[in-house]
1. Given axes a ≥ b ≥ c from the Cα gyration tensor, I'd like to know whether the stretch 1-117 is rounded (a/c under 1.5), prolate (a/b larger than b/c) or oblate.
2. Of the candidates Val328, Val163, Val248, which one comes out as most mobile in a Gaussian network treatment of the chain with C-alpha springs shorter than 10 Å?
3. Please give the length that would be gained between Tyr343 and Asp235 if that part of the chain were fully extended, namely 0.36 nm times their separation in residues minus their C-alpha to C-alpha distance (nm, one decimal).
4. Would you list which aspartates and glutamates come within 20 Å of Lys181, measuring only between C-alpha atoms, while excluding same-chain residues fewer than 8 positions from it?
5. Where does the chain land on Rg/Rh, using Cα atoms and the Kirkwood Rh?
6. Quick one: net charge around His368, please, counting Lys, Arg +1 and Asp, Glu -1 for every other residue with C-beta under 9 Å from its C-beta.
7. Hey, which of these cross-link pairs are over 23 Å Cα-Cα: Lys88/Lys155; Lys138/Lys357; Lys53/Lys357; Lys16/Lys299; Lys53/Lys250?
8. Of all GluC sites (Glu not before Pro) in the stretch 192-231, which ones are in loop regions per DSSP and have a Cβ with at most 13 other Cβ atoms within 10 Å?
Amino acid sequence: MIKVMAVFGTRPEVIKMAPVVLELKKHVHSVETIVAVTAQHRQMLDQVLHLFKIKPDYDLDIMAQGQTLFDITSRAMMGLKEVLEREKPDLVLVHGDTTTTFAGALASYYEQVPVGHVEAGLRTGDIYSPFPEEMNRKLTGSIAAFHFAPTMRAKENLLRENVNERSVYVTGNTVIDALMKTVRHDYDFADESLRSVDFEHRRVILLTTHRRENLGEPMRHIYRALRSIVNEIDDTEIVFPVHRNPLVRKVVNEELAGLDRIHLIEPLDYEPFANLMSRSYLVLTDSGGIQEEAPSLGKPVLVLRNTTERPEAVKAGTVALIGTEKDVVYNMTKHLLTDAAAYSAMSNAVNPYGDGKSSERIVQAILHELTGSRSRPDEFL
Ligand code: UD1
Ligand code: UDP
């Protein structure tokens with residue numbers, strides 16, 4: 001019997017770790033699964049825990065309004081120390097690149113518990129973009145004993161950093177496992193906030209923004225560009241589930257509140273959000289996860305950032321990196337809305353990030369490494 005503890009704290013981590021936790025729980029005779037959440041996010045974490053019916057064994061409840069990186073790191077570290085001392089797991093799993101991820105890895109290292117890094121090896125090569133995620137994932141990668149890289153390219157990034165090849169597993173991204181369980185063609189939107197969206201007669205642009213480096217002026221530019229688009233092109237509507245960060249909300253309210261055909265709504269539960277994505281015409285976002293999900297739904301994505309650690313879908317042609325300059329955002333969005341050929345060239349469904357079996361591969365790799373009861377899983381290609 002091995003004890004595996006999953007540590008996570010934000011919305012994207014729970015979406016992407018839920019399939020792994022549920023898969024681990026299938027192996028009740030060989031794995032004891034513990035879930036410890038920092039709750040770096042509160043409401044946005046609980047929304048997804050509820051959907052996937054995951055009840056954390058430990059909840060550090062660290063979130064504070066307007067928290068700093070210092071707050072998150074120190075509170076998570078102190079809370080995790082106690083949990084690790086009490087549970088003494090054989091392996092800690094962390095996900096991706098948030099500050100919870102890094103704190104989870106560092107706390108495990110201090111307690112000399114090996115770490116498995118899910119979604120390992122993503123890199124932009126710029127430690128300030130995205131900030132602090134690029135450094136969080138690099139430091140987590142230095143600590144990890146096992147690296148679950150979503151793509152071959154992520155594995156190559158790790159090998160360039162001299163990570164031992166045997167410790168790297170190419171698994172696909174678990175976000176596609178979650179997405180495949182969630183999107184349904186006959187999905188009926190029960191959310192009040194989506195009732196007034198005219199999916200039938202208008203083209204829906206889905207917008208999300210939250211990156212720290214986009215707070216303030218870059219977000220203002222984005223919103224002004226999109227305000228002009230909706231003014232000019234009658235058959236468009238914007239649906240914008242606004243992140244709970246008060247710094248995001250301030251600029252959103254200043255630039256977009258009260259405008260026709262712009263729906264500013266609360267963050268959606270994952271189920272309605274994923275189905276909204278699949279009914280949208282176009283996605284504009286600075287999110288990491290949405291860059292992975294939308295291509296597999298055949299939705300063109302304009303990425304509101306200057307760098308991406310997810311070049312696979314850019315290469316496949318469904319994602320374009322456009323930055324945050326007002327004129328560029330306006331021109332690129334208008335181009336896709338007015339040039340049918342350009343739109344259709346970007347709207348091919350591609351699956352560079354996963355096939356829905358990533359969590360199975362990860363659990364097989366864990367059993368292979370820790371119990372020897374399974375063979376090494378085949379790589380996701
Ligand atoms: C965090 C991660 C980022 C990830 C993003 C996903 C870090 C440093 N940042 O950024 O990598 O892409 O989550 O969304 O790890 N808030 C609430 N309720 C919630 C969530 C947030 O009120 O459920 C508010 C709080 O005021 C909080 C603020 O949002 O202080 C910012 O949250 P924080 O986790 O620090 O940063 P994010 O921008 O969410
Ligand atoms: N998402 C959601 N509800 C929303 C907006 C996003 O469930 O209102 C999901 C989305 O499908 C994706 C994840 O949240 O799986 C992305 O989270 P976010 O953009 O906050 O973080 P990132 O991926 O950039 O770290």
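1. oblate
2. It is Val328.
3. Here the segment from Tyr343 to Asp235 would lengthen by 37.3 nm.
4. Correct list for Lys181: Glu13, Glu23, Asp46, Glu119, Asp191, Asp269, Glu271, Glu292, Glu293, Asp355, Glu360.
5. Computed over Cα atoms, the ratio is 0.96.
6. Local net charge: +1.
7. Check vs 23 Å cut-off fails for Lys88/Lys155; Lys138/Lys357; Lys53/Lys250.
8. Those that pass, being in a loop and sparsely packed, are Glu200.
None of the figures in this text is laboratory data; all of them are computed from the coordinates on show. Remember, it's a predicted structure, so these values are computed and weren't measured experimentally. Note that each Cβ is placed from the backbone with ideal geometry, even for glycine, and that neighbours are counted across all protein chains shown.
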